[in-house]
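I have placed the structure first, in the form of structure tokens, so that the comments after it can refer back to it.
Any read-out appearing in this document is the output of simple, stated calculations on the displayed coordinates, not a laboratory observation. The structure displayed is predicted, hence computed values, not measured ones. Here the Cβ positions follow ideal geometry from the backbone for every residue, glycine too, while neighbour counts run over all protein chains shown.
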Amino acid sequence: MKYEWKKQEKEIYLPKGKPEQIFIKKFRYLTLEGSGNPNESLFSELTGALFSLSYTLKMLPKKGITPDGYFDYAVYPLEGIWDLDIDSDFDETKLDKNKLVYKIMIRQPDFINKEIIETAAEILKKKKTVMYIDKIKFEEIEDGLAVQMMHTGSYDSETESFEKMKNFCLENKLNIRSKAHKEIYISNPERTAPEKLKTVLRYFVKK
């Protein structure tokens, strides 16, 4: 039976449409870093590289390579940690997208390791040209204590949800640890109307 994150890990990827506190443990990710407006081509190219390698990893058994502990699974969604390239507060209401810096990532199952990733990358490069494939890093990242909620609507309308999260933090005596925040893209923006997009928003917090 295929492992599906939408069914087995709802608390992480399908939270309710109101703020909640959660602890996110350490997971393994493929990551790439970039900067600038995400509507420009660089962001799409980086995203394409991450998904290309992630699907190659998933399909390794069809190439006669089965990693120890392998099980069939649905590829995880794209995630991004967003920050600014200047030392200032992250104000979602006055955001200059050209000054954004980001780390985008796709989580991997626990049986994935550096050696398997190198093998998959070589298979992918022989199959087709993928920009930035050699820039991909393999990292373990722990979000730790966080406040999150599901935002439904366009990316440009996230301000209202961020305000709800900030108020939740104040009411529960939680301090936001960083001006950076995480977004998890549950919907495919190419196939979903802007008003129906689902995005997990997450602040990193401390008591």
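Measure up K137/K206; K179/K207; K26/K99; K26/K97; K26/K125; K135/K206 against 24 Å on the Cα-Cα distance and list the ones that go over.
As for pairs spanning more than 24 Å Cα to Cα, those are K137/K206; K26/K99; K26/K97; K26/K125; K135/K206.
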Checklist outcome for this item: Two pseudo-spin positions, 7 Å from Cα along C-beta at K62 and at K207, lie apart in nanometres by 4.8
Checklist outcome for this item: In nanometres, the difference between 0.36 nm per residue of separation and the alpha-carbon distance of A193 and K18 is 60.9 nm
Item to check | Reach of K128 by Cα under 19 Å, taken over lysines that are not fewer than 8 positions away in the same chain | outcome: K58, K62, K63
Checklist outcome for this item: Comparing G34, G69, G48 in a Gaussian network model of the chain (Cα, 10 Å), the one with the largest mean-square fluctuation is G69
Next on the checklist: Given the -39500 (n - 2.57) contribution per DSSP H run of 4+ residues, what per-residue ellipticity at 222 nm results for the chain, rounded to the nearest 500 deg cm²/dmol?
Outcome noted: -7500 deg cm²/dmol
Next on the checklist: Within a 10 angstrom radius of the beta carbon, how do K173, K114 rank from fewest other beta carbons to most?
Outcome noted: K173, K114
Checklist entry - In degrees between 0 and 90, to the nearest 10, how far off the longest principal axis of the chain does helix 159-171 point, with axes built from Cα atoms? => result 70
Checklist outcome for this item: When the chain is treated as a Gaussian network with springs between alpha carbons less than 10 Å apart, the largest mean-square fluctuation among A120, A193, A146 is found at A193
Item to check | K179-N37 FRET efficiency (beta carbon distance; Förster radius 22 Å; 0.05 resolution) | outcome: 0.75
Checklist entry - Where is the GNM fluctuation largest for the chain (alpha-carbon springs, 10 angstrom cutoff): K179, K62, K125? => result K62
Checklist entry - How long are the semi-axes of the ellipsoid equivalent to the stretch 5-197, from square roots of 5 times the Cα gyration tensor eigenvalues, in whole Å, largest first? => result 30, 20, 16
Checklist outcome for this item: Gyration tensor on Cα atoms of the stretch 14-79, a ≥ b ≥ c root eigenvalues, a/c under 1.5 rounded, else prolate if a/b beats b/c, else oblate, says oblate
Next on the checklist: Counting other beta carbons within 10 Å of each residue's own, what order do S178, S41 fall into, fewest first?
Outcome noted: S41, S178
